[in-house]
Amino acid sequence: MAEPDSRFAAYVPSPVDRQAPATAEVAKATEDDVPALAVLQSRARGGSARDWENRIRRACGSERGMVVTAKVSGEAVGYANVAFLPEHPVDHAPAGYYLTGVTVAPTWRRRGIARLLTLWRMGWVREQDAAIWCVISARNRASLDLHRELGFDHVLIGASFQGVEFTGGEGWLLRAAPPRQ
């Protein structure tokens, strides 16, 4: 079995001592949010806050995507992205709106923050398009479980999708179909 990846929430499907879900305010990120989100990303994923700030600022300015933040008592505890991506020329992942990443501060993980961010983005995408796509490392079992619970179905397994190469060489392409009427 592979070693756990510290970039992902610990996989504990039924923890005995689960903390109560957090109540967070979820909203589209603004320019004022960018520095705090960059620090959050740097602490959770490594790299410099300055580099992350540039990437997050570009994502905030996207015409066909956005950055969403979750705050508890005014403090940014998580954020996530959504972007429209064209069909990838190499791995042929289809064009569409992709949930492209969630970062939650380690002390706030397993408290429902990622679920809130994902539900908010799904609602936004549903106003734009019928299908919602995401790619997840096969090692990120907590995220795979969350997305399955929210209606995502497995489409393909591959070494890369939309140009994202996966740690351990295996990622999943998932799709949430429109809700049944």
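The values are calculated or read from the model by the stated rules, or taken from the named source; none is laboratory data. Just so we're clear, the structure is a prediction, and the values are computed from it rather than from any experiment. Because the Cβ atoms are built from the backbone with ideal geometry, glycine has one as well, and the counts that use them run over all protein chains shown. For accessibility, only protein heavy atoms count, side chains too; no ligands or nucleic acids. Shrake-Rupley method; radii C 1.70, N 1.55, O 1.52, S 1.80 Å.
Things to note:
- Being under 25 Å from SER62 (Cα atoms), touching a Lys or Arg at 6+ places or on another chain (Cβ under 8 Å) and crowded, with 16+ Cβ neighbours inside 10 Å is a condition met by at least one residue of the range 152-165.
- Test result for VAL72, of a type in the set (A, V, I, L, M), open to solvent by less than 50 Å² (accessible area, probe 1.4 Å) and more than 17 Å from THR100 (Cβ to Cβ): yes
- No other residue among TYR98, TYR79 is in contact with a Cys (Cβ under 8 Å, 6 or more places away or on another chain), at pLDDT 90 or above, surrounded by 18 or more Cβ atoms within 10 Å (Cβ to Cβ) and not in a loop (DSSP other than H, G, I, E, B) apart from TYR98.
- The set of residues in the range 101-117 being buried (at least 18 other Cβ atoms within 10 Å of the Cβ) and of a type in the set (S, T, N, Q) consists of THR103 alone.
- Pairing residues of the range 170-181 that are more than 12 Å from ILE132 (Cβ to Cβ) with residues that are modelled with pLDDT under 80, at Cβ distances under 9 Å and at least 6 apart in sequence or on separate chains, gives no pairs at all.
- Taking residues in the range 92-116 that are over 13 Å from ALA22 (Cβ atoms), and partners anywhere that are part of a helix (DSSP H, G or I) and of a type in the set (Ser, Thr, Tyr), the pairs with Cβ atoms closer than 7 Å and at least 6 places apart or on different chains are LEU99/THR118; VAL102/THR118.
- When restricted to residues that are part of a helix (DSSP H, G or I) and either β-branched (Val, Ile, Thr) or within 13 Å of the chain's Cα centre (by Cα) (or both), the range 101-137 contains 12.
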